[in-house]
Amino acid sequence: MDEKSTKIIELKNVSKAYDGKLAVKDITLSIKRGEFVTLLGPSGCGKTTTLRMIAGFEMPTSGEIFFDGQNITGVPPHMRRVNTVFQRYALFPHLTVFGNIAFGLKLKSVPSGTRVDKKGNLLQTFRKYTKDEIKAKVDAALKMVDLEDYGYRNVSSLSGGQMQRVAIARALVNEPEVLLLDEPLGRGSRLFFFHLPAAFIARTDFRLKSLIAHC
C-alpha cells in the first residue's frame, strides 16, 4: 500500500478567520488509517475549530480538506464519513439512553439493491433499518462502552462520564470511519478513554479507522 492510499484525512494549507482574525493559520496535516491523533495546545489556538472543519461544521477560509483522497472541503457534515462527540455531548434529555443512541439509525437510509427506471438507467435503492437491526446495533454499541444494562435509563440520571459514553456510542453506532472527540478528558474516565483507540479500531464489525481528539 503506497503512502497516499494510507491517508484518511489530509488538510492542505487550511486557514480559518472570524471577522478578519485568524483562528487557524495555514495548517497542513496528514492522518493515516489506524492512527490515534491528539491535538494539543493552549486555549484559543484553534483545536476545536480544526475539528469542526474536518467534520464540516465550519468552512475553511482558505485551503482544502481531503478524505480518503477526495476533496471534501465543500461537502456538508451529513455526507462525510465522520462523526463528532462534542464537549457538551448534545444528548436528548427526553429520550432514554437507547433512544439517544438509536436516533440517527432511525433516520438513516441504507442501500438495498438496484432498479431500472423507465429510461433504462440503473438506480440505487434504499431502505430504513428494521427495529431488530437497530436494536442489535445499539446493543453492540452499549457493550462497547460498558453500558449494556443502561439502555432503559433516562440520560438525566447518568453521571458525566456515563453521558460521555452514551455520546461516544451514539457517534460510533453510525459506523463512521473517523471519530472526532472534542475534549474527551473533561468529564469522563481517563482509563476508559485511553482504552478506546485499540478497542474501537480492533472491532471488525465497526468501520472506524482513526480517532482524532482535542485534549
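The values are calculated or read from the model by the stated rules, or taken from the named source; none is laboratory data. Everything numeric here is computed off the predicted structure, so don't read it as measured data. Note that each Cβ is placed from the backbone with ideal geometry, even for glycine, and that neighbours are counted across all protein chains shown.
Go through the range 132-160 and give me each residue that's part of a helix (DSSP H, G or I), surrounded by fewer than 14 Cβ atoms within 10 Å (Cβ to Cβ) and without any contact (Cβ under 8 Å) to a residue 60 or more places away in the chain. It would help to see each step written out before you state the result.
Our first condition is that a residue be part of a helix (DSSP H, G or I); within the range 132-160, this holds for 132-144, 155-157, 160.
If we keep only those that are surrounded by fewer than 14 Cβ atoms within 10 Å (Cβ to Cβ) as well, we get 132-133, 136, 143, 156-157, 160.
Of everything in the range 132-160, those that are part of a helix (DSSP H, G or I), surrounded by fewer than 14 Cβ atoms within 10 Å (Cβ to Cβ) and without any contact (Cβ under 8 Å) to a residue 60 or more places away in the chain turn out to be D132, E133, A136, K143, S157, G160.
Taking the range 12-25, which residues are crowded, with 16+ Cβ neighbours inside 10 Å and either over 13 Å from T73 (Cβ atoms) or within 17 Å of the chain's Cα centre (by Cα) (or both)? Don't jump to the end; show me each part of the working.
Residues of the range 12-25 crowded, with 16+ Cβ neighbours inside 10 Å: 12, 14-16, 23-24.
Result: A23, V24.
Out of everything in the range 63-76 that is of a type outside the set (A, V, I, L, M, F, W, C) and surrounded by 14 or more Cβ atoms within 10 Å (Cβ to Cβ), what residue ends up being modelled with the lowest pLDDT? Explain how you work it out, then say what you get.
First, the residues of the range 63-76 that are of a type outside the set (A, V, I, L, M, F, W, C): 63-64, 68-71, 73-74, 76.
From what is left, the residues that are surrounded by 14 or more Cβ atoms within 10 Å (Cβ to Cβ) are 63-64, 68, 73.
On the way: G63: 96, E64: 97, D68: 90, T73: 96.
Among those that are of a type outside the set (A, V, I, L, M, F, W, C) and surrounded by 14 or more Cβ atoms within 10 Å (Cβ to Cβ), it is D68.
Condition first: touching a strand residue (DSSP E or B) at 6+ places or on another chain (Cβ under 7 Å) and without any contact (Cβ under 8 Å) to a residue 60 or more places away in the chain. Now tell me which residues in the range 1-16 satisfy that. Talk me through it step by step, then tell me what you get.
Step one: list which residues in the range 1-16 are touching a strand residue (DSSP E or B) at 6+ places or on another chain (Cβ under 7 Å), which gives 6-16.
Answer for the range 1-16, where residues must be touching a strand residue (DSSP E or B) at 6+ places or on another chain (Cβ under 7 Å) and without any contact (Cβ under 8 Å) to a residue 60 or more places away in the chain: T6, E10, L11, K12, N13, V14, S15, K16.
Q162: on the phi < 0 side of the Ramachandran plot, within 22 Å of the chain's Cα centre (by Cα) and not β-branched (V, I, T), yes or no? Outline the logic, then answer.
Details: on the phi < 0 side of the Ramachandran plot: yes; within 22 Å of the chain's Cα centre (by Cα): yes; not β-branched (V, I, T): yes.
Judged against the criteria, Q162 is a match.
Take the residues of the range 26-51 that are surrounded by 13 or more Cβ atoms within 10 Å (Cβ to Cβ), assigned to a strand (DSSP E or B) and free of Cβ contacts under 8 Å to residues at least 40 places away in the same chain: which is farthest from the chain's Cα centre (by Cα)?
I27
Which of the numbered conditions does I168 fail, given that it passes all the others? Conditions: (1) farther than 24 Å from L39 by Cα; (2) crowded, with 17+ Cβ neighbours inside 10 Å; (3) at pLDDT below 90.
That leaves (1) as the condition not met.
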